[in-house]
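The values are calculated or read from the model by the stated rules, or taken from the named source; none is laboratory data. None of these values were measured; they are calculated from a predicted model. With ligands, DNA and RNA removed, areas are computed over all heavy atoms of the protein, side chains included. Shrake-Rupley method; radii C 1.70, N 1.55, O 1.52, S 1.80 Å.
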Amino acid sequence: MIEFDGVLFKEIVEQGLREFPNECCGVVAATPEGRPVKVYPVKNIDASPATYRLDGKEQLRISEEIEDRGWETWGFYHSHTHSEAFPSQTDRDRAFYPETRYVIVSLQDRDEPVLRSFFITDGEVTEEELQIT
């Protein structure tokens, strides 16, 4: 089970609500020990309620900052605005980093958002249990 800081969870939810009805997206950085420490919001260049794509220039800048700090990319996150927190077929098709988590926050019930984490390898989805602390 992975512990996920409640402050980081709140930051992702707040971004999702700000960008609603479009999906939000971003990057989660972690210490070398694997503890998530920072959320980096990224522009969704799809600007869509059904899909997301991280802005490549922002993603590169963030990757360089993460590396400069001695951290690692822990995961990519995005919101599902009208469905459960589970990878869609599009999410599975666009999962190019099998070693990185794909974190989804469902805003289907905006009063009770749900955060879940997955590894996606060759379209196969494996859930990793998260505990919000």
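One Cα centroid belongs to region 81-121, the other to region 10-56; the line between them spans 11 Å. Only protein heavy atoms count here; on that basis, with a 1.4 Å probe, ASP93 has an accessible area of about 100 Å².
For LYS43, a cut-off of 12 angstrom between C-alpha atoms picks up these aspartates and glutamates, skipping any fewer than 8 places away in its own chain: GLU19, GLU23, ASP55, GLU58. A 1.4 Å probe run over region 1-67, with the rest of the protein chains in place, finds 53 Å² accessible per residue.
Just the protein heavy atoms count here, and of the accessible area of the chain at 1.4 Å, carbon and sulfur take up 47 percent. Given (i) 7.2; (ii) 21.6; (iii) 8.1 as candidate values of mean projected area of the Cα convex hull in nm², which corresponds to the one derived from the coordinates? Step by step, mean projected area of the Cα convex hull in nm² for this structure corresponds to label (i).
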